[in-house]
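The values are calculated or read from the model by the stated rules, or taken from the named source; none is laboratory data. As the structure is a computational prediction, the values presented were derived from the model and not from experiment. All Cβ positions, glycine included, derive from the backbone under ideal geometry; neighbour counts span all protein chains shown. For the accessible areas, the whole protein counts, side chains as well, though only heavy atoms, and no ligand, DNA or RNA atoms are used. Shrake-Rupley method; radii C 1.70, N 1.55, O 1.52, S 1.80 Å.
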Amino acid sequence: MPLPHRAIASLALGLAVLLAANATAWAEPDVQGQSGPDSQATHSQEPPPAPAPPETPPAAKPDLLLDIDIGLTFSLGEAPAISPGLSLGGHLRWDFFSLGLEARATLPVGAVLAAFPGGSLSAHQVTGALMGCGHYGFVAGCLVGTVGAVWFESRNVPDPRTDTKLASTLALRLQGEYPLMDWLIVRAHLDFGANLLRSTASVGGAGVWTTPAVFGLLGLGAAWRF
């Protein structure tokens, strides 16, 4: 009978196809759903992400500082004797450089005139200075230029008089400072320079004292910083 044979053959063929499909499905592993030890080991071996580099803060700009200072000075070579004085100044400082203005007045000091027994000569001056300084730590070096006036007064001489002369100097300054507080600084400085305008004091038409070619100055003071 041909019909039953064809039905049996078709049934066998369908059964074979079904078995083959099931065998293929069993052979393929579930990659996406696999969570066994091998999978966990693979994930644990991945290197962690590299940390982000730290942000570099922008460089801070140096502040502009204002110093107001007052001090005592003692000079030699600007008058017939050592001249005490008072100075008042202001300085703008930016980083390692500063620019300053300074006013100074000395007290009258005198000396006895050997050519006129009992006679004396005194002198005092008022000057203004412009200076530029370079700073390194607590030490500074400055170039100081001054201009002003000096008064000579003679006494107990045949022709007593008071003369006024121009005065100008150029000096190098070595300065040291120490901050007691953020706003209070103590300072000391030494100046050594040249008298650019040398003045001569006269008595009776004769010169009795002339400003030396060089001078020296010691200053001690304090500064308030803003």
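Data overview
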item	result
Peptides ranked, highest mean first, by Cβ atoms within 10 Å: ranges 205-213, 86-94	86-94, 205-213
Where Asp63, Asp95 fall by accessible area, highest first, once all protein chains stay in place (1.4 Å)	Asp63, Asp95
Gain in span if fully extended, Leu66 to Asp163, counting 0.36 nm per residue against the direct Cα distance	31.1 nm
Table column - 3J(HN,Hα) (Hz), region 94-111, Karplus curve with 6.51, -1.76, 1.60, x for Gly and Pro	10, 6, 9, 10, 9, 10, x, 10, 9, 10, 9, 10, 10, 7, x, 10, x, 9
Average accessible area per residue (Å²) across region 39-188 - probe 1.4 Å, nucleic acids and ligands excluded	62
Column: log10 I(q)/I(0), Debye, Cα scatterers of region 78-127, q = 0.18, 0.24 Å⁻¹	-0.66, -0.85
Per-residue ³J(HN,Hα) for region 140-150, Karplus 6.51 cos²θ - 1.76 cosθ + 1.60, θ = phi - 60°, Hz, x for Gly and Pro	9, x, 10, 10, 10, x, 10, 8, x, 9, 10
Listed peptides 108-120, 183-195 by packing density, highest first (mean Cβ within 10 Å)	183-195, 108-120
Whole-Å semi-axes of the ellipsoid equivalent to region 101-226 (Cα gyration tensor, √5λ, descending)	36, 14, 12
